[in-house]
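Engineer: Got a structure for you, written out below as structure tokens; questions coming shortly.
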Amino acid sequence: MTGSALVSLLTLWMLPFFSAIVIWALGPQLRRAAGVLGSAAVLLSFVLACALFGVATAPGGLHVTPLIGWAPGFTFGLLLDPLSLVWVLIITGVGGLIHLYSIGYMAADKAVARFFAYLNFFVFAMLTLVLSDNLVGLLVGWGLVGVASYFLIGFWFYKPSAVAAALKAFVINVFGDVGLMYAIFVLYGATGSIAYADVFAKAASLPSGVILTACIALFIAAAAKSAQVPLQTWLPDAMEGPTPVSALIHAATMVTAGVYLIARFAPLWNASPQAQELVGTIGAVTALLAAILGTAQWDIKRILAYSTMSQIGYMIMGVGVGAYEAGVLHFFTHAFFKAQLFLGAGLVIHALHEEQDIRKMGGLRRRTPFAFVAMAIGTLAIIGVPGFSGFYSKDAVIYGTLEHGHPLLYAAAVVTAGITAYYMFRMLFVAFGGHYRGEVPEARLGMAQREPSEPVHAREGHVPDWVMQIPVGVLIVGSIGAGYLAIGGAQSPWWRFLSSLYGGAQATAPAPISELLSSLIVLAIVIAGVAVAYYRYGTRSATASAVERLRGEALRMPAVLTNAFYFDAAIELLFVRPARRLGALFAGFVDPAVIDAGVRDVVWLTGAAGYLFRALQTGLVRGYALTIVASAACFVAWFVLTGAAR
Amino acid sequence: MILFWILSVVLVASAVFTVSQKSPVYSVVGLLINFLALAAFYFTLDAEFLAVIQIVIYSGAILMLFVFVIALLSSGIGPFREGPNRMPRAFVPAVAVVALFLGLVVYGIARGPLVPTPHQPTSTIGAAGNANVFGSIADFGVALFTTYLLPFEVTAFILMVAVIGVVLIAGDAVPQPTLGHHAAPKRKRRRESIVKSR
Amino acid sequence: MTGFDASPYAALSAVMFFIGVGGVILRRNPLIMLMSIELMFNAANLALVAFSRAWVNNAGHVFVFLVVTVAAAEAAIALAIVVALFRRSTNVDVDEVARLRG
């Protein structure tokens with residue numbers, strides 16, 4: 001470890017933090033410069049991360065410890081190994097591009113400085129999460145990204161729906177934080193250390209019950225952060241935040257923290273097959289359910305939110321069954337194409353003045369051609385068309401489930417791939433194909449009557465288009481090319497890159513079918529999905545009668561889908577209502593009869609004491625003098641009579 | 001030893017006289033005698049400089065200040081009067097506490113002679129200009145301007161603060177006949193509100 | 001001059017000090033109260049000089065000097081307050097200055 005590497009690591013970690021403070025403090029003065037400053041800080045971090053590539057991939061990575069000691073036996077250090085490097089590169093690289101994009105997207109917003117301060121703070125929190133070399137640092141980062149997410153979802157705090165969504169996201173995230181905290185207690189109790197290295201060294205010798213408990217607690221944290229069933233309900237609501245936030249936090253980075261958690265704790269999962277089974281199953285269920293729900297959405301951002309949830313389900317499935325390289329690879333490629341999809345959607349929303357419903361779109365391939373290209377390439381990548389990055393990562397995950405002996409998960413994954421193809425192309429056809437339906441009244445499209453909403457913010461400050469297009473262009477390159485790293489399976493650069501972490505854990509059963517055959521099956525299903533979407537939305541007759549067809553679909557939408565499988569209602573019934581009842585109990589009985597009564601008693605006591613002592617407060621100077629003398633006499637008596645004076 | 005007893009009697013008698021007089025002017029005279037006796041004590045204790053200080057500053061300056069204030073306050077009002085005693089029952093407890101306290105202290109002193117051990121024999125006789133001689137002016141001066149320089153400087157500061165305070169409290173409160181200036185009455189009223197006692 | 005005994009001086013100082021204390025508590029004329037306080041200062045000074053002599057250490061002398069200075073400042077300020085307080089009063093009595101009563 002060299003000194004300059006240490007300095008670089010510290011700089012790349014703290015730069016967004018200081019930038020956030022500066023922007024926060026000087027916001028009103030900075031105005032437009034806030035975005036430039038925030039983007040520069042994150043991109044500089046990215047450059048430093050690239051410069052540290054060689055050091056991080058060396059055996060053992062770049063491990064700075066102890067950096068800070070916060071209690072005897074508890075030290076905080078930074079660890080940059082291939083796994084955290086992947087995340088750092090995505091956080092700062094894709095994050096930097098999204099910062100750049102935000103300069104254009106948020107140009108007209110009054111609170112642009114606040115936005116960039118939050119965004120930089122988020123980057124810092126996320127870097128803390130992935131760079132920490134111990135459990136407590138991980139928990140700190142874990143909590144901070146939740147806070148940053150809360151701030152950013154509720155960024156437009158004058159919208160009640162945004163505030164409600166922020167609160168929901170925060171509460172569910174805190175539920176996950178508690179799980180993580182519990183896991184830390186369990187692991188610390190079992191190993192006596194919070195450092196990753198110590199915990200993993202002792203993982204093999206721990207009783208399986210302890211490992212299973214810790215794994216389940218960790219997975220609660222991962223599920224809350226990564227929107228896995230049954231803690232997924234906050235993610236679609238989180239789309240209330242500005243679109244760049246959705247791209248950065250709720251697609252590319254934060255929601256994948258659960259994947260990082262599982263990949264980081266691979267030694268624990270390897271030691272507990274039951275936990276792997278559980279995680280893989282939950283991932284598959286989430287992927288499937290989210291994909292089904294994705295077919296029923298009309299809001300362009302909610303479609304992307306459900307697809308995010310579904311893709312994270314893939315990642316969780318991958319890392320859950322033990323195909324860590326594939327799961328992390330899917331995170332890597334997904335960060336590109338999903339950020340690109342969100343930013344493309346942002347271009348559309350921007351161009352249509354905050355219109356997010358795809359029924360009010362249509363024909364946009366001519367109105368916003370650049371956004372169309374971005375969305376189309378993103379769609380091809382996400383559904384896994386060969387040549388695009390999603391193909392390599394998703395097929396690796398799907399085949400990985402089979403390699404690790406989970407045929408049921410494999411089936412679910414394949415079906416999900418088909419549904420994904422269907423709903424992504426549905427979005428593409430409805431929004432970009434056919435004719436523009438912006439002037440069609442809501443009722444004719446089967447939409448609920450909307451308040452004539454005032455423009456959220458007047459579009460005054462004009463920023464050249466390239467500010468928003470260049471980041472998307474860079475992401476297009478990534479979402480096509482990122483997968484090429486993995487060509488060649490276990491001999492590919494990607495597998496060798498992660499081999500220092502997962503090289504030894506390849507206990508795979510011979511899969512019943514070859515990888516090529518598996519890919520062909522998936523491809524066939526995907527093509528079927530695209531075909532169905534084309535038949536329903538893309539044909540000439542379908543586009544001609546688009547208004548009527550969309551209206552009919554909207555009205556006939558099954559209630560189970562519009563209510564997202566009633567998860568919200570179930571949570572409301574099982575947790576929120578009992579909690580409210582408990583709150584009412586406390587407010588009605590415990591608070592007035594116990595706490596307030598105690599306070600009242602103290603008040604009464606103070607008053608009584610004051611009443612007594614008031615008699616001494618005569619205002620007579622001579623009386624005070626007498627009191628002083630009497631007290632002094634007491635002291636002198638003590639000294640003289642006990643002999644302490646001598 | 002005889003000198004000690006004579007001076008003690010003078011000291012206590014003058015102190016009692018000071019405290020017990022009805023008129024403050026007599027008290028000042030008692031205090032003057034007390035201070036002079038104290039100066040004599042200082043001479044016997046080899047503190048010539050302090051004896052001089054005692055006479056010059058206390059008797060000369062501070063007591064004169066008292067006399068001036070008495071003159072200032074009694075001019076035009078006549079002899080001092082006191083209002084009703086608001087602590088009429090304080091006499092017995094006060095005397096009891098004071099007597100008890102005094103008894104305690106004297107008991108503490110009387111338990112053994114206050115002789116320093118081990119004793120450091122140092123000359124107490126010699127020329128007043130010799131810094132090695134205890135209690136000489138040179139000895140005192142060297143101590144004051146070297147070891148105790150900082151406290152000495154701080155006293156200068158305290159005196160300055162006191163001067164400013166006196167000017168602020170008493171200086172402006174003299175009721176001036178208004179000169180017809182329109183700002184003057186306002187200012188006066190504000191000052192009065194600070195000092196008014198009833 | 002060996003074996004100097006400071007006890008008589010200390011006792012004398014104590015007597016004088018408590019005469020001053022009694023004056024502060026029992027007298028109501030502020031001027032006499034202030035003079036009583038001066039008595040207490042001087043009693044302390046006497047003890048200091050005596051101990052200084054007994055230990056043959058001039059720290060006590062310096063202390064007395066500082067006490068005299070502070071006493072001068074205190075007397076000046078206290079007398080200024082007395083002047084300010086009782087200029088308009090017909091009585092000169094600290095019991096009438098009872099504004100501190102709660």
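The values are calculated or read from the model by the stated rules, or taken from the named source; none is laboratory data. Just so we're clear, the structure is a prediction, and the values are computed from it rather than from any experiment. When we count neighbours, we look across all protein chains shown, and the Cβ atoms used for this are built from the backbone with ideal geometry, even at glycine.
Engineer: When you go through A:Ala49, A:Ala56, A:Ala34 one by one, which is the residue that is modelled with pLDDT under 90, surrounded by 15 or more Cβ atoms within 10 Å (Cβ to Cβ) and within 22 Å of A:Tyr260 (Cα to Cα)? So that I can check it myself, show each step before the final result.
Structural biologist: Working: A:Ala49 fails: modelled with pLDDT under 90; A:Ala34 fails: within 22 Å of A:Tyr260 (Cα to Cα).
Criteria check complete, one pass: A:Ala56.
Yes or no, residue by residue, for (1) modelled with pLDDT under 85; (2) under 30 Å from A:Ala511 (Cβ atoms); (3) crowded, with 22+ Cβ neighbours inside 10 Å:
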residue: A:Gly346; (1), (2), (3): no, no, yes
residue: A:Gly363; (1), (2), (3): yes, no, no
residue: A:Val385; (1), (2), (3): no, yes, no
residue: A:Gly400; (1), (2), (3): no, yes, yes
residue: A:Val415; (1), (2), (3): no, yes, no
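Engineer: Name the residues in the stretch B:38-57 that are within 7 Å of chain C (Cβ to nearest Cβ) and either among the charged types (D, E, K, R) or not in a helix (DSSP H, G or I) (or both), would you?
Structural biologist: Listed by number, the residues that qualify are B:Leu45, B:Asp46, B:Ala47.
Engineer: Sort out which residues of the stretch B:58-75 are of a type in the set (Gly, Ala, Ser) and in a helix (DSSP H, G or I), and write them in order of number.
Structural biologist: Listed by number, the residues that qualify are B:Ser59, B:Gly60, B:Ala61, B:Ala71, B:Ser74.
Engineer: Here are A:Ala374, A:Ala396, A:Ala411: which of them is assigned to a helix (DSSP H, G or I) and closer than 27 Å to A:Val245 by Cα?
Structural biologist: That would be A:Ala374, the only listed residue that is assigned to a helix (DSSP H, G or I) and closer than 27 Å to A:Val245 by Cα.
Conditions tested, residue by residue: (1) more than 7 Å from every other protein chain (Cβ to nearest Cβ); (2) at pLDDT 90 or above; (3) part of a helix (DSSP H, G or I).
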site: B:Ser14; (1), (2), (3): yes, yes, yes
site: B:Leu36; (1), (2), (3): yes, yes, yes
site: B:Arg81; (1), (2), (3): no, no, no
site: B:Ala90; (1), (2), (3): no, no, yes
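Engineer: List the number of the failed condition for C:Phe63; all other conditions in (1) within 29 Å of B:Phe68 (Cα to Cα); (2) at the interface with another protein chain (Cβ under 7 Å from one of its Cβ atoms) hold.
Structural biologist: Condition not satisfied by C:Phe63: (2).
Engineer: Continuing with the same structure: List the residue pairs whose Cβ atoms are under 6 Å apart, where the first residue sits in the stretch C:67-84 and is within 7 Å of chain B (Cβ to nearest Cβ), the second is among the polar types (S, T, N, Q) and surrounded by fewer than 21 Cβ atoms within 10 Å (Cβ to Cβ), and the two are 6 or more positions apart or on different chains.
Structural biologist: These pairs meet every condition: C:Thr69/B:Thr155.
Engineer: For the stretch A:152-186: of the residues being part of a helix (DSSP H, G or I) and aromatic (Phe, Trp, Tyr), which is surrounded by the fewest Cβ atoms within 10 Å (Cβ to Cβ)?
Structural biologist: A:Phe185
Engineer: When the residues of the stretch B:121-148 are filtered to those that are among the hydroxyl-bearing types (Ser, Thr, Tyr) and buried (at least 18 other Cβ atoms within 10 Å of the Cβ), which remaining residue is modelled with the lowest pLDDT?
Structural biologist: B:Ser136
Engineer: Also, quick follow-up: Determine, yes or no, whether A:Pro59 is more than 26 Å from A:Ile249 (Cβ to Cβ), over 25 Å from the mean Cα position of the chain (by Cα) and touching a residue at least 60 places away in the same chain (Cβ under 8 Å).
Structural biologist: Yes; evaluated as a whole, the condition is true for this residue.
Engineer: Scan C:Arg28, C:Arg53, C:Arg87 and give me the residue that is over 26 Å from B:Ile137 (Cβ atoms) and crowded, with 21+ Cβ neighbours inside 10 Å.
Structural biologist: On the way: C:Arg53 fails: over 26 Å from B:Ile137 (Cβ atoms); C:Arg87 fails: crowded, with 21+ Cβ neighbours inside 10 Å.
When all the criteria are applied, what remains is C:Arg28.
Engineer: State whether the residues of the stretch A:299-319 include one that is assigned to a loop (DSSP other than H, G, I, E, B) and crowded, with 24+ Cβ neighbours inside 10 Å. Quick ask: steps written out before the conclusion?
Structural biologist: Residues of the stretch A:299-319 assigned to a loop (DSSP other than H, G, I, E, B): none.
No, every residue in the stretch A:299-319 fails to be assigned to a loop (DSSP other than H, G, I, E, B) and crowded, with 24+ Cβ neighbours inside 10 Å.
Engineer: Any idea which of A:Ala570, A:Ala593 is at pLDDT below 85, assigned to a helix (DSSP H, G or I) and among the aliphatic types (A, V, I, L, M)? Walk me through it before giving the result.
Structural biologist: On the way: A:Ala570 fails: at pLDDT below 85.
Only one candidate qualifies: A:Ala593.
Engineer: Here's a follow-up. One residue is enough: does the stretch A:261-275 have a residue meeting the conditions within 21 Å of A:Ser393 (Cα to Cα), small (Gly, Ala, Ser), modelled with pLDDT under 90 and in a loop (DSSP other than H, G, I, E, B)?
Structural biologist: No, the conditions are met nowhere in the stretch A:261-275.
Engineer: Run A:Ala201 past the list (1) under 20 Å from the mean Cα position of the chain (by Cα); (2) over 17 Å from A:Ile571 (Cβ atoms) and report the number of the one that doesn't hold.
Structural biologist: A:Ala201 satisfies every listed condition except (1).
Engineer: Could I ask something else about it? With the condition kept exactly as written, say whether any residue in the stretch B:39-48 is out of contact with any Leu (no Cβ under 7 Å at 6 or more places or on another chain) and of a type in the set (S, T, N, Q). Lay out the reasoning, then the answer.
Structural biologist: Going residue by residue through the stretch B:39-48, those that are out of contact with any Leu (no Cβ under 7 Å at 6 or more places or on another chain) are B:39, B:43, B:45-48.
Checking which are of a type in the set (S, T, N, Q) leaves us with none.
The answer is no, given that none of the residues of the stretch B:39-48 is out of contact with any Leu (no Cβ under 7 Å at 6 or more places or on another chain) and of a type in the set (S, T, N, Q).
Engineer: Looking at (1) surrounded by 20 or more Cβ atoms within 10 Å (Cβ to Cβ); (2) within 17 Å of B:Phe43 (Cα to Cα), find the lone condition where C:Ala71 falls short.
Structural biologist: Exception for C:Ala71: condition (2).
Engineer: Kindly indicate whether B:Ala99 is at the interface with chain C (Cβ under 9 Å from one of its Cβ atoms), modelled with pLDDT of 80 or more and exposed (fewer than 14 other Cβ atoms within 10 Å of the Cβ).
Structural biologist: Considered against the rule, which asks whether it is at the interface with chain C (Cβ under 9 Å from one of its Cβ atoms), modelled with pLDDT of 80 or more and exposed (fewer than 14 other Cβ atoms within 10 Å of the Cβ), B:Ala99 comes out as yes.
Engineer: Among what's in the stretch A:203-220 and is of a type outside the set (A, V, I, L, M, F, W, C) and loosely packed, with under 15 Cβ neighbours inside 10 Å, pick the residue that is nearest to A:Phe76 (Cα to Cα). Even if it seems obvious, please write down each step before you answer.
Structural biologist: As a first pass, look at the stretch A:203-220 and keep what is of a type outside the set (A, V, I, L, M, F, W, C): A:205, A:207-209, A:213.
Remaining after also requiring loosely packed, with under 15 Cβ neighbours inside 10 Å: A:205, A:207-209.
Numbers: A:Ser205: 25, A:Pro207: 27, A:Ser208: 28, A:Gly209: 28 Å.
Per the criteria, the residue is A:Ser205.
Engineer: Would you tally the residues in the stretch C:1-51 being over 17 Å from B:Val69 (Cβ atoms), within 7 Å of another protein chain (Cβ to nearest Cβ) and polar (S, T, N, Q)?
Structural biologist: 3
Engineer: Report yes if some residue within the stretch A:210-233 is in contact (Cβ under 8 Å) with a residue 40 or more places away in the chain and touching a strand residue (DSSP E or B) at 6+ places or on another chain (Cβ under 8 Å); otherwise report no. Explain how you work it out, then say what you get.
Structural biologist: So the first thing to find is which residues in the stretch A:210-233 are in contact (Cβ under 8 Å) with a residue 40 or more places away in the chain, and the list is A:211-212, A:214-216, A:218-233.
Within this subset, residues satisfying the condition of being touching a strand residue (DSSP E or B) at 6+ places or on another chain (Cβ under 8 Å) are none.
No, every residue in the stretch A:210-233 fails to be in contact (Cβ under 8 Å) with a residue 40 or more places away in the chain and touching a strand residue (DSSP E or B) at 6+ places or on another chain (Cβ under 8 Å).
Engineer: Kindly provide the set of residues from the stretch A:596-631 that are over 30 Å from C:Phe18 (Cβ atoms) and modelled with pLDDT under 85, ordered by number. Write out each step before concluding.
Structural biologist: Step one: filter the stretch A:596-631 for residues over 30 Å from C:Phe18 (Cβ atoms), giving A:596-612, A:614.
Hit for the stretch A:596-631 is A:Arg614, nothing else.
Engineer: Is it the case, given these coordinates, that A:Thr508 is β-branched (Val, Ile, Thr) and either modelled with pLDDT of 90 or more or assigned to a loop (DSSP other than H, G, I, E, B) (or both)?
Structural biologist: yes
Engineer: Let me ask something else. Out of (1) in a helix (DSSP H, G or I); (2) over 21 Å from the mean Cα position of the chain (by Cα); (3) not small (Gly, Ala, Ser), what's the single condition that is false for A:Thr75?
Structural biologist: All conditions are met except number (1).
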